[in-house]
Every structure is written in structure tokens, then in C-alpha cells.
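Working notes, structure below.
The values are calculated or read from the model by the stated rules, or taken from the named source; none is laboratory data. Every value quoted in this text rests on a predicted model; they were computed, and no experiment measured them. Glycine also receives a Cβ, built like all others from the backbone with ideal geometry; neighbour counts cover every protein chain displayed.
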Amino acid sequence: MDGLLKNKGFITLMVAQLISSIGDWLSVVAIITMVGLKWEASPMEVSLIILCLAVPMALLGPFTGTIADRFNRKSLMIFSDLIRAGLILALAFAESLWTVYTCLFIVGMLSAVFVPAKNGKLKELVDQENMKSAMSITSMIDSGTKVLGPLLSGLLVSAFGTQLVFFIDSGTFIISALLLFALPKSIAKPTESETKEASTFKEDFMEGIRFIKGSRYLIVGMIVLGVSLLILQLSDSQIIVLLRELPNASPDLFGYIVTASGVGMFLTGLLLAKKTDYNALILLFIGVCGIGVSFSMMAVLTRFDLALPALWGSGLGLLAGFSAGFVFIPFQAAVQTETPVHMTGRVFGVMNSVTTTATIIGPLAGGLLATVLGVVPTFVITALLLIAVSIVGLIFKSSIERGRTNVSESKSGAHETASS
């Protein structure tokens with residue numbers, strides 16, 4: 001942990017992530033406000049906003065991950081930030097839904113490049129010893145901005161309107177790009193794949209796929225992560241519907257739960273940044289179980305209309321967020337430490353594709369399930385499935401870990417650095 005505080009490259013990357021993440025939330029709230037309230041778009045038209053951002057990540061993750069490994073990661077991140085700054089600025093003057101959809105789809109494509117490039121750059125800048133703490137800190141930034149971003153955006157939209165928020169968000173991408181210019185240009189020791197003459201995009205892509213297929217740990221871990229997230233989204237997307245079952249619930253209750261979940265994930269990141277001697281799979285399955293318990297309790301307490309929903313709702317939201325941190329942070333840290341630096345983009349590109357696909361399919365399936373069975377049974381089914389996944393995972397944990405690919409000889413890439 002102390003080593004990270006002295007790592008100027010890592011600090012610069014985290015500050016850039018913090019600024020751009022806040023900007024992301026500013027624009028999302030502003031877009032939904034503009035399209036949903038000012039333009040009075042239909043529910044389906046509003047839903048397409050999120051899909052335009054998510055679909056490129058789901059479909060293009062493996063390919064953009066290969067791009068992040070073939071080209072200079074620092075340059076890719078700067079290029080992505082600057083183009084996204086222009087696209088967000090264009091949204092301030094948009095007059096049609098198709099303009100919004102087009103801009104957001106391209107933003108989603110650039111984000112699909114930025115994320116694996118950032119993870120690859122993180123691998124270059126941070127040594128193995130501090131990688132778990134580094135991944136926890138990035139998660140703390142994500143969860144912290146999830147709480148602060150919408151709150152700040154709501155205040156700005158109410159006070160100044162949506163156009164100013166777009167200007168501010170565009171500025172955050174420019175600031176992020178300027179910070180990224182200060183990153184060192186890491187020079188990693190050449191690997192076998194890097195010494196091949198003129199390898200093609202297809203060859204690099206297939207090399208990444210073979211690496212993932214050769215590791216039972218990665219394959220099973222990604223499947224568990226994707227399945228758990230898919231099951232989680234069945235109910236997570238229906239929380240607002242569940243709260244409507246409470247006759248005297250405060251209109252602010254949903255906000256309390258979302259905020260509490262963000263605080264819970266932040267606390268998990270803080271804990272794991274300091275306590276890095278953990279087994280990633282055990283924490284993943286414990287986290288899955290914790291989410292299942294929190295969802296089941298939320299359904300039961302709603303069904304019996306327990307008094308003080310703001311209190312128990314926030315408490316269960318905190319538990320769900322804290323548990324979700326165990327699901328995502330340790331496994332992603334394990335992937336970072338076990339993946340060679342020249343393949344980080346491809347591995348994280350595939351992982352982002354898996355998780356984003358789950359976040360697209362899950363809410364759609366959850367809406368259908370809640371419509372057919374009712375929202376309370378949907379939460380109960382979700383909870384039981386999550387608990388079942390955790391139990392099965394813990395039973396077969398040893399078998400999964402025996403399938404780990406040993407890549408310990410592949411260093412993080414922070415071997416030598418030279419200022420760019």
C-alpha cells in the first residue's frame with residue numbers, strides 16, 4: 001500500500017479515473033433528464049440510452065481488448081478521452097434522439113477500448129506485490145463516484161440545466177486526457193508474442209483466446225462472475241418495483257438504498273486495499289451468498305411491510321454493496337496478477353464483454369419474471385439461485401484452483417520506465 005502512494009504513475013492514473021468517472025455519471029443523469037423529461041421520450045426510447053452505451057462493450061470487448069494490447073495504451077486512452085469529450089459536447093446541442101443514440105454508441109465503443117487499455121496500463125505501472133491494493137483502490141473510485149456523481153449531477157441539472165452539465169462532462173474528459181499525458185511510457189521486457197515478426201490482429205486475438213481457454217481458473221471464474229451478475233440483475237433492476245409494494249414508503253427510499261450500496265462497495269475496497277492476503281474464490285462465493293441473503297431479506301421484510309423501511313432498506317443495501325465488492329474486486333485483482341502484461345487488454349476485454357452482456361440480459365429477464373410471477377417471488381428466486389451458486393462454488397473451489405495457469409514468470413511490466 002505504501003508503495004502505491006509513492007508511485008506517481010499510479011496516482012496520476014487514479015486521479016484521471018476519478019475525474020472521468022464523475023463526468024460519466026454527470027452525463028448519464030443529464031441525458032436521461034433531457035430525453036425523459038424535456039423530450040418526453042417513451043420508456044423504450046429511454047432504455048435505448050443505456051443499451052447504446054452497453055452494447056458496444058458487450059459485443060466488441062474481445063476485439064477492443066486486442067487493440068489495447070497491440071497499440072500504445074497511453075495513446076489509446078488519450079485518444080479515447082479527447083474524442084469522447086467532443087461527442088459529449090455535441091450532446092449539448094443535440095435536437096433528435098438519433099443524434100443522442102449515435103453519439104452514445106460511439107462513446108460506448110471508445111469506452112470499450114479505454115477500459116482494457118487502462119487495466120493494461122495499470123499492469124505496467126504497478127508491481128505484483130501491490131496489485132491487489134491497486135485494484136481495490138480503482139473499485140473504491142468507481143463506487144464512490146457512483147454515489148457522488150448522480151447527486152452532483154442532479155444538483156447541477158436542477159440549478160443550471162442539462163447543457164451546462166454536458167459542458168462540464170466534456171471538460172472532465174479533457175482534464176483526464178491532459179493528466180494521462182503525464183503517465184510514464186513503460187518499457188516491458190519483450191515477450192515471446194512481442195518478438196514474433198509482424199503478428200496479425202487475428203493471430204493476437206486467437207492467442208488471447210487460447211490463453212483464456214487454457215486456464216480453468218479464468219474460464220470458471222468468468223462464468224461464475226457472469227452468471228452471478230445475470231442472476232443479480234434479475235432483481236437489482238426491479239428494486240424500485242419492489243419498493244412500490246410498501247404502502248407508506250418514502251419517495252427517497254430508493255435513493256437511500258442505492259447510496260448505501262455504493263458506500264458498502266467503497267468500504268469493501270477500503271478493507272481489501274489494506275488486507276491483501278486473501279483467497280479470491282472464497283471471497284467471490286461469500287460475496288455472492290451475501291447478496292442472496294440481502295435480497296431475500298429485502299423481499300421478506302417488504303412482504304410483511306416492516307416498519308422503518310428507510311432503516312432496514314439502507315442496511316440491506318449496505319450489505320448488498322459490501323458483498324458485491326467481494327464478488328468483483330478479489331477476482332479482478334487475481335486476473336491482473338496472473339495475466340501476462342502483453343495479454344491484459346485481451347483478458348479484460350473478454351471479461352468486460354461477459355459482465356456487460358449479463359447487465360443487458362438480466363434486467364430484461366428480470367422484468368419478464370416480475371411481470372409473470374410478481375416482484376417478491378422474483379427476489380426470492382434470485383436469492384435462492386445466488387446462494388446455490390455460492391454453495392456449489394465453495395464445494396468445487398479446490399478443483400477450480402487446480403486449473404490455474406501459472407504465469408508467475410510474467411512480470412507486471414513495471415520493470416523499467418522512461419518518461420514519454
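Any idea which residue in the range 353-377 is farthest from the chain's Cα centre (by Cα), counting only those that are farther than 22 Å from THR302 by Cα and hydrophobic (A, V, I, L, M, F, W, C)?
Among them, the one singled out is LEU364.
From the list VAL389, VAL341, VAL376, VAL372, pick out the single residue that is hydrophobic (A, V, I, L, M, F, W, C), under 20 Å from PHE114 (Cβ atoms) and either in contact with an Asp or Glu (Cβ under 9 Å, 6 or more places away or on another chain) or modelled with pLDDT of 85 or more (or both).
Numbers: VAL389 fails: under 20 Å from PHE114 (Cβ atoms); VAL376 fails: under 20 Å from PHE114 (Cβ atoms); VAL372 fails: under 20 Å from PHE114 (Cβ atoms).
Answer to the check: VAL341.
Answer yes or no as to whether MET135 is out of contact with any Phe, Trp or Tyr (no Cβ under 7 Å at 6 or more places or on another chain), in a helix (DSSP H, G or I) and surrounded by 22 or more Cβ atoms within 10 Å (Cβ to Cβ). Can you show your working first?
On the way: out of contact with any Phe, Trp or Tyr (no Cβ under 7 Å at 6 or more places or on another chain): yes; in a helix (DSSP H, G or I): yes; surrounded by 22 or more Cβ atoms within 10 Å (Cβ to Cβ): yes.
Spelling it out, MET135 is indeed out of contact with any Phe, Trp or Tyr (no Cβ under 7 Å at 6 or more places or on another chain), in a helix (DSSP H, G or I) and surrounded by 22 or more Cβ atoms within 10 Å (Cβ to Cβ).
Any chance the range 159-172 includes a residue that's surrounded by fewer than 17 Cβ atoms within 10 Å (Cβ to Cβ), touching a residue at least 60 places away in the same chain (Cβ under 8 Å) and closer than 30 Å to THR339 by Cβ?
Residues of the range 159-172 surrounded by fewer than 17 Cβ atoms within 10 Å (Cβ to Cβ): 159-161, 163-164, 167, 171.
So of that shortlist, the ones also touching a residue at least 60 places away in the same chain (Cβ under 8 Å) come out as 163, 167, 171.
Subset that is closer than 30 Å to THR339 by Cβ: none.
No, there is no match, as no residue in the range 159-172 is surrounded by fewer than 17 Cβ atoms within 10 Å (Cβ to Cβ), touching a residue at least 60 places away in the same chain (Cβ under 8 Å) and closer than 30 Å to THR339 by Cβ.
Which one of these is of a type outside the set (Gly, Ala, Ser), crowded, with 19+ Cβ neighbours inside 10 Å, touching a residue at least 60 places away in the same chain (Cβ under 8 Å) and within 21 Å of GLU124 (Cβ to Cβ): PHE379, PHE348? Working first, answer last.
Numbers: PHE379 fails: within 21 Å of GLU124 (Cβ to Cβ).
Being of a type outside the set (Gly, Ala, Ser), crowded, with 19+ Cβ neighbours inside 10 Å, touching a residue at least 60 places away in the same chain (Cβ under 8 Å) and within 21 Å of GLU124 (Cβ to Cβ) holds for just one of PHE379, PHE348, which is PHE348.
Determine the pairs where a residue that is at negative phi, located within the range 49-69, has a partner that is assigned to a helix (DSSP H, G or I) and of a type in the set (D, E, K, R) with Cβ atoms under 8 Å apart, the partner being 6 or more residues away or on another chain.
Sorted first by the residue in the range 49-69, then by its partner, the pairs are PRO62/ARG346; GLY65/ARG346; THR66/ASP204; THR66/ARG346; ALA68/ARG346; ASP69/ASP204; ASP69/ARG346.
Quick check on the range 1-56: of everything there that is surrounded by 20 or more Cβ atoms within 10 Å (Cβ to Cβ) and hydroxyl-bearing (Ser, Thr, Tyr), which residue is farthest from the chain's Cα centre (by Cα)?
SER27
With respect to ALA333, determine if the residue is touching a residue at least 60 places away in the same chain (Cβ under 8 Å), more than 25 Å from ALA388 (Cβ to Cβ) and either assigned to a helix (DSSP H, G or I) or acidic (Asp, Glu) (or both). Give the derivation first.
Details: touching a residue at least 60 places away in the same chain (Cβ under 8 Å): yes; more than 25 Å from ALA388 (Cβ to Cβ): yes; either assigned to a helix (DSSP H, G or I) or acidic (Asp, Glu) (or both): yes.
In short, yes.
Being at pLDDT 90 or above, closer than 27 Å to LYS8 by Cα and crowded, with 17+ Cβ neighbours inside 10 Å is true for just one of ILE141, ILE67, ILE78. Which residue is that?
Details: ILE141 fails: at pLDDT 90 or above; ILE67 fails: at pLDDT 90 or above.
Just a single option satisfies the conditions, and that option is ILE78.
Pick from the range 295-331 the residues that are among the polar types (S, T, N, Q) and surrounded by fewer than 24 Cβ atoms within 10 Å (Cβ to Cβ): which of them is nearest to ASN130 (Cα to Cα)? Write out each step before concluding.
Initial filter on the range 295-331 (among the polar types (S, T, N, Q)): 296, 302, 314, 323.
If we keep only those that are surrounded by fewer than 24 Cβ atoms within 10 Å (Cβ to Cβ) as well, we get 296, 302, 314.
Values: SER296: 36, THR302: 43, SER314: 33 Å.
Ranking the candidates gives SER314 first.
Run down LEU4, LEU13, LEU18, LEU53 and say which single residue is over 30 Å from VAL157 (Cα atoms), assigned to a helix (DSSP H, G or I) and not basic (Lys, Arg). Can you show your working first?
On the way: LEU13 fails: over 30 Å from VAL157 (Cα atoms); LEU18 fails: over 30 Å from VAL157 (Cα atoms); LEU53 fails: over 30 Å from VAL157 (Cα atoms).
Going through LEU4, LEU13, LEU18, LEU53 in turn, just one is over 30 Å from VAL157 (Cα atoms), assigned to a helix (DSSP H, G or I) and not basic (Lys, Arg): LEU4.
Going by the structure shown, is TRP39 of a type outside the set (Gly, Ala, Ser) and without any contact (Cβ under 8 Å) to a residue 60 or more places away in the chain? First the steps, then the outcome.
On the way: of a type outside the set (Gly, Ala, Ser): yes; without any contact (Cβ under 8 Å) to a residue 60 or more places away in the chain: yes.
The answer is yes for TRP39.
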